[in-house]
């Protein structure tokens, strides 16, 4: 039995969303503030009877200007519900012939309020003239504004069919149309079992076990505080201890207790206390006393003396002396075991384990091992959230949910594998598992051909503009030429709705002949353009020749000085430098640039040129021209709902500080473009 789908309406970040979950492990990733924790809280509200609170105004979706009168709806779709003939308790789930069911929590105004909404709405709609309509509208608005979420609401739990509350028209039909002041009769639709659930106000949580492991966890205190979950596990186990066996143990306790009572140091203490009392208040007021040093015989009291300790060779050590990473693994193991024990002893039919950021205090190899290990947990559905590249990229993208921000008020749900072929999914999973790319945590992505582009673009943007790609959530990723087609398919309205810029060379020949590289490059670019023809999230940017030719030929004076300063050549220096004269034939210039790149290695040339340019100082940095296709690919990310005018102003301000100029003196095309974004009315 497992949850196949979670649907939420009007809860915190989740205005209206539907999320498909995997039977075993589902990984939920996303930047801070996208709603990962809120997603877990929604599940706990619905399924965990030990973690409930009455909803408040700030629990409603941030998209609602006024939540008064609106409903919060959270529901899960169960599949593979056990047959009630085999497990009688399963009849409570009211499963259909496909062994599927729906369990829903509804937080809504009570029936008195809903009846009043209907009555006032009817008066408004049946008003005889415009004047009366205005009066009735004002009355209805005042009534809605005065609905007290704390006192005028109720919680309803149902099992069975629920209307499609994600669809706006259905929501308006059942809950109400707040824009047009139309509210339905509660008796007509809001109590209809085909719309609201077959089993009314039925609590299934006694058959469900939810274990939540929070991101911030103090393992030591969790295991030693009174009534901790480990103590409860021991209590559960102790129930099965045979009483005959326990009686034999109690006899040993009696022997120990008698021996303790006869220790003279203990008996002397009680004699001394009695003597002091007698000397102080006299024998009339000094009652007899006895020091009880008995070991408790009750099983539940004995359990309090149990503690977990680590073992190093033959020495026992307290957990607070072990590393945080080791203690976290112990904690995870206990929590997962707790699921199994509780299920067996309380006849619960479904186990859900929620883990928030398991990577805390675990090094990368342990993170990956942990992920593969929890997948082997039997009869437990697992949801985990993570910020770890090592965990997220080792997950199957088919079992991954990516949360992204939709403005400041709500989030969007992305499924990276949606509508991809099995071979495409397998390819992407192998690639991500090997490379550990941060792509899934990015706001936007720039895909480039190789290491030279990776090194140079990132560093020249910092050097020239003070623009750090990471600071704006833009990931720069090398594709090693051949991965563009498969990798870029991730970015689509049906998968990851993130902007992606592809930067690639056309490898055009600079003489009259067409080379094989030019043919292959044109074919690759044409195919990419065809694949992403109507894709608003992917744009392709090309240069004419190669990255090195495009970059250094536009800055040939600086490049020539670099070759001279770095003493790239020790022979025929003047002759070689003359080839790099800007007035020379482009074929000669291009050829020499490629020879320098081949001699040093493209990656090293990029790195060393940046270091040289940094040493040269502000004038040379300002003079350096970044190729236009790179600038255009960067403009692709702006404007965007991700950023606001404050961010645009910050980008320009950093540039002005770095270049020591005033905003009205900016001439750089990229900075003028960004400046225009926050100057717009």
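The values are calculated or read from the model by the stated rules, or taken from the named source; none is laboratory data. This one's a predicted model, so the numbers in the text were calculated from it and none came from an experiment. All Cβ positions, glycine included, derive from the backbone under ideal geometry; neighbour counts span all protein chains shown.
Restricting 621, 647, 642, 651 to those that are closer than 15 Å to residue 467 by Cβ and either in contact with a strand residue (DSSP E or B) (Cβ under 9 Å, 6 or more places away or on another chain) or in the same structural domain as residue 476 (by TED's automatic domain parsing) (or both) reduces the list to 621. When restricted to residues that are assigned to a loop (DSSP other than H, G, I, E, B) and within 21 Å of residue 542 (Cβ to Cβ), the range 602-623 contains 0. Filter the range 423-467 for residues that are in contact with a strand residue (DSSP E or B) (Cβ under 9 Å, 6 or more places away or on another chain) and part of a loop (DSSP other than H, G, I, E, B); which is modelled with the lowest pLDDT? For the range 423-467, the residue satisfying everything is 437. What do you reckon, is residue 545 more than 22 Å from residue 483 (Cβ to Cβ), buried (at least 19 other Cβ atoms within 10 Å of the Cβ), in the same structural domain as residue 598 (by TED's automatic domain parsing) and in contact with a helix residue (DSSP H, G or I) (Cβ under 8 Å, 6 or more places away or on another chain)? So residue 545 fails the test. Do you know which of the residues in the range 3-25 that are over 14 Å from residue 411 (Cα atoms) and surrounded by fewer than 20 Cβ atoms within 10 Å (Cβ to Cβ) is modelled with the lowest pLDDT? Taking the candidates together, the pick is 24.
Looking only at residues of the range 632-645 that are in contact (Cβ under 8 Å) with a residue 40 or more places away in the chain and assigned to a helix (DSSP H, G or I), we find that the one that is surrounded by the most Cβ atoms within 10 Å (Cβ to Cβ) is 634.
Going through the range 175-194 one residue at a time, which ones are buried (at least 18 other Cβ atoms within 10 Å of the Cβ), in contact with a helix residue (DSSP H, G or I) (Cβ under 6 Å, 6 or more places away or on another chain) and closer than 19 Å to residue 161 by Cα? Passing the criteria: only 186. Within the range 240-260, the only residue that satisfies the criterion of being modelled with pLDDT under 75 and loosely packed, with under 10 Cβ neighbours inside 10 Å is 240. Kindly provide the set of residues from the range 114-134 that are outside any loop (DSSP other than H, G, I, E, B), out of contact with any strand residue (DSSP E or B) (no Cβ under 8 Å at 6 or more places or on another chain) and surrounded by 13 or more Cβ atoms within 10 Å (Cβ to Cβ), ordered by number. Hits for the range 114-134 are 115, 116, 118, 119, 120, 122, 123, 124, 132, 133.
Of all the criteria given as (1) surrounded by fewer than 16 Cβ atoms within 10 Å (Cβ to Cβ); (2) modelled with pLDDT of 90 or more; (3) not in a helix (DSSP H, G or I), the one not satisfied by residue 587 is (3). Taking the criterion of being in a helix (DSSP H, G or I), at pLDDT 75 or above and out of contact with any strand residue (DSSP E or B) (no Cβ under 7 Å at 6 or more places or on another chain), the residues of the range 371-418 that qualify are 397, 398. Residue under question is residue 626, and the condition is that it be in a loop (DSSP other than H, G, I, E, B), closer than 21 Å to residue 559 by Cβ and touching a residue at least 12 places away in the same chain (Cβ under 8 Å); does it hold? In short, yes. The set of residues from the range 80-92 being in contact with a strand residue (DSSP E or B) (Cβ under 7 Å, 6 or more places away or on another chain) and either surrounded by fewer than 16 Cβ atoms within 10 Å (Cβ to Cβ) or at pLDDT below 85 (or both) comprises just one member, 80. All conditions but one from (1) modelled with pLDDT of 95 or more; (2) assigned to a helix (DSSP H, G or I); (3) surrounded by 14 or more Cβ atoms within 10 Å (Cβ to Cβ) apply to residue 147; the one that does not is (2). Looking at 518, 536, just one residue is part of a loop (DSSP other than H, G, I, E, B) and within 29 Å of residue 489 (Cα to Cα), and that residue is 536. Looking at 581, 572, just one residue is at pLDDT below 95, on the phi > 0 side of the Ramachandran plot and either assigned by TED's automatic domain parsing to the domain that holds residue 460 or over 51 Å from the mean Cα position of the chain (by Cα) (or both), and that residue is 572.
With respect to the conditions (1) in contact with a helix residue (DSSP H, G or I) (Cβ under 9 Å, 6 or more places away or on another chain); (2) in contact (Cβ under 8 Å) with a residue 60 or more places away in the chain, residue 63 falls short on a single one, namely (1).
Out of 414, 427, report the one residue that is in contact (Cβ under 8 Å) with a residue 40 or more places away in the chain and either crowded, with 21+ Cβ neighbours inside 10 Å or in the same structural domain as residue 669 (by TED's automatic domain parsing) (or both). Of the residues listed, the single one that is in contact (Cβ under 8 Å) with a residue 40 or more places away in the chain and either crowded, with 21+ Cβ neighbours inside 10 Å or in the same structural domain as residue 669 (by TED's automatic domain parsing) (or both) is 414.
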